[in-house]
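The values are calculated or read from the model by the stated rules, or taken from the named source; none is laboratory data. All of these numbers come straight from a predicted model, not from anything done at the bench. Cβ sites come from the backbone with ideal geometry, for glycine too, and all protein chains shown count toward neighbours.
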Amino acid sequence: MPSYHNAFADTHILITGGLGFIGSNLAHHLIKYGAHVTLVDSLIPEYGGNLHNVRGIENQVTINIADVRDEYSMDYLVQGKDYLFNLAGQTSHLDSMHNPYTDLEINCRAQLSILEACRKHNNRIKIVYASTRQIYGKPDYFPVDERHLLHPVDVNGINKMAGEWYHIVYNNVYGIRACALRLTNTYGPRMRVKDARQTFLGIWIKLVLTGEPIKVFGDGLQIRDFTYVDDCVEAMLLAAGSYQADGQIFNLGSDETINLRDLAQLLVDIHQGGTFETVPFPPDRKAIDIGDYYGDYRLIQGRLGWRPGVSLHEGLRRTLDFYRQYHTFYW
Ligand SMILES: NC(=O)c1ccc[n+]([C@@H]2O[C@H](COP(=O)([O-])OP(=O)(O)OC[C@H]3O[C@@H](n4cnc5c(N)ncnc54)[C@H](O)[C@@H]3O)[C@@H](O)[C@H]2O)c1
């Protein structure tokens, strides 16, 4: 166990979105390191929260079913905490276009009120915010580094950008230690796979396991990078534990890039079964598609020593194994 994990022993931690994919994986790790963990989640059915995600640690975490839009709940919940991993979010890009005000309330306004709760009730807390590469929009150059212009292509990207910058402003102006990680496609056990609301890869995993063809939109030549969830969790822990991260924004990224056709084929190969087909892009998705994306993670590597440790092949293998075992809880 790396020494920085010991620093979480006996600390008090709040994870917003803690019953979701990344939040629950983070909770599993923090419990191992001896932290006292409180999870706050609204369990809105369309989002990624799932009580099965805390199976095995349900008696070791405190679960608070609350909405981060509720300022009174947040005023109370931030008190006495050493760290806040701020992960609650509406994650669907398409939903953000159909329902822009809900996205605004959760990904933008609630982020400001969470920070206000910290300012008024616990300004010694350290915050790690889960931002997204979506805020870069359609890339101007590759690999995309943190200096790349922000020109989001959808409402979700705009609101996440605001959410991110509120954190940086509260760090800079009020000295509330906060940083942001711009996550790229993150995958692994406990992700939402019943539909494509969280990521297209989720529904692909379900389709390959249920023997239905994976649908790849367009020509399938769009390039992406992926982060296995345990690597994402490590980045969050490193960022939480480091003063060097305060006020900083870091990309996560990968050493491997892959186009979507090859990714579909890789899933089929690892599962040793299944098929994929290319289908025309649905127009509403095409309108907000970013084309190719892969990021540059050298900044976090240089400052915090993070780099991805799990290959795409190994990560997908572990993910498929998980859903073979637990699919009844996920679709
Ligand atoms: N998974 C990815 O590939 C990815 C990529 C970039 C950024 N992110 C960001 O990481 C964070 C976590 O994402 P995830 O993949 O674990 O998704 P997720 O949907 O599994 O987790 C988000 C959680 O937030 C909860 N939530 C949503 N609105 C809430 C509200 N108003 N009050 C309380 N809880 C609420 C949901 O119930 C869910 O459990 C999100 O902020 C997302 O934008 C994820």
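Select from the range 189-202 the residues that are among the small types (Gly, Ala, Ser) and away from the ligand (no atom under 11 Å from the Cβ) and list them in ascending order.
Once the filter is applied, which keeps residues that are among the small types (Gly, Ala, Ser) and away from the ligand (no atom under 11 Å from the Cβ), the range 189-202 yields only 196.
For the range 88-101, check the following and say yes or no: at least one residue is in contact (Cβ under 8 Å) with a residue 40 or more places away in the chain, more than 20 Å from the chain's Cα centre (by Cα) and part of a loop (DSSP other than H, G, I, E, B).
no
Report the residue count in the range 67-81 for those that are surrounded by fewer than 19 Cβ atoms within 10 Å (Cβ to Cβ) and within 15 Å of the ligand (Cβ to nearest atom).
Qualifying residue count, the range 67-81: 8.
Of everything in the range 1-32 that's surrounded by fewer than 21 Cβ atoms within 10 Å (Cβ to Cβ), touching a residue at least 60 places away in the same chain (Cβ under 8 Å) and part of a loop (DSSP other than H, G, I, E, B), which residue is farthest from the ligand (Cβ to nearest atom)?
It comes out as 7.
Look at residue 178 and say whether it is more than 13 Å from the ligand (Cβ to nearest atom) and among the small types (Gly, Ala, Ser).
Answer is yes for this residue.
Considering only the range 33-57, state which residues are near the ligand (Cβ under 9 Å from one of its atoms), among the aliphatic types (A, V, I, L, M) and in a loop (DSSP other than H, G, I, E, B).
Within the range 33-57, 43, 44 meet the criteria.
Might you check whether a residue that is under 25 Å from residue 225 (Cβ atoms), in contact (Cβ under 8 Å) with a residue 12 or more places away in the chain, in contact with a Gly (Cβ under 7 Å, 6 or more places away or on another chain) and not hydrophobic (A, V, I, L, M, F, W, C) occurs anywhere in the range 161-177?
No, because not a single residue in the range 161-177 is under 25 Å from residue 225 (Cβ atoms), in contact (Cβ under 8 Å) with a residue 12 or more places away in the chain, in contact with a Gly (Cβ under 7 Å, 6 or more places away or on another chain) and not hydrophobic (A, V, I, L, M, F, W, C).
If we keep just the residues of the range 145-173 that are within 18 Å of residue 298 (Cβ to Cβ) and out of contact with any Asp or Glu (no Cβ under 6 Å at 6 or more places or on another chain), which is surrounded by the fewest Cβ atoms within 10 Å (Cβ to Cβ)?
Filtering first and then ranking leaves 147.
Within the set of pairs 6+ apart or on separate chains, which have a first residue in the range 184-204 that is over 16 Å from residue 47 (Cβ atoms), a second that is within 7 Å of the ligand (Cβ to nearest atom) and in a loop (DSSP other than H, G, I, E, B), and C-beta atoms under 7 Å apart?
185/199; 187/199
Given (1) touching a Phe, Trp or Tyr at 6+ places or on another chain (Cβ under 7 Å); (2) near the ligand (Cβ under 10 Å from one of its atoms); (3) in a strand (DSSP E or B), where does residue 186 come up short, assuming only one miss?
(1)
Would you pick out the residues in the range 302-321 that are part of a loop (DSSP other than H, G, I, E, B) and buried (at least 16 other Cβ atoms within 10 Å of the Cβ)?
Residues satisfying the conditions are 306, 307, 308, 310.
Restricting attention to strands (runs of 3 or more DSSP E) lying wholly within the range 192-266, give those where 1 or more residues are basic (Lys, Arg).
Where strands (runs of 3 or more DSSP E) fall fully within the range 192-266 and carry at least 1 residues being basic (Lys, Arg), they are 214-217.
Picking from 197, 192, 177, 182, which residue would you name as being at pLDDT below 95 and not hydrophobic (A, V, I, L, M, F, W, C)?
Step by step, each of 197, 192, 177, 182 is checked, and only 197 is at pLDDT below 95 and not hydrophobic (A, V, I, L, M, F, W, C).
I need the full set of residues from the range 105-159 which are more than 20 Å from residue 70 (Cβ to Cβ), part of a helix (DSSP H, G or I) and within 12 Å of the ligand (Cβ to nearest atom), in order please.
Within the range 105-159, 133, 134, 135, 136, 156, 157 meet the criteria.
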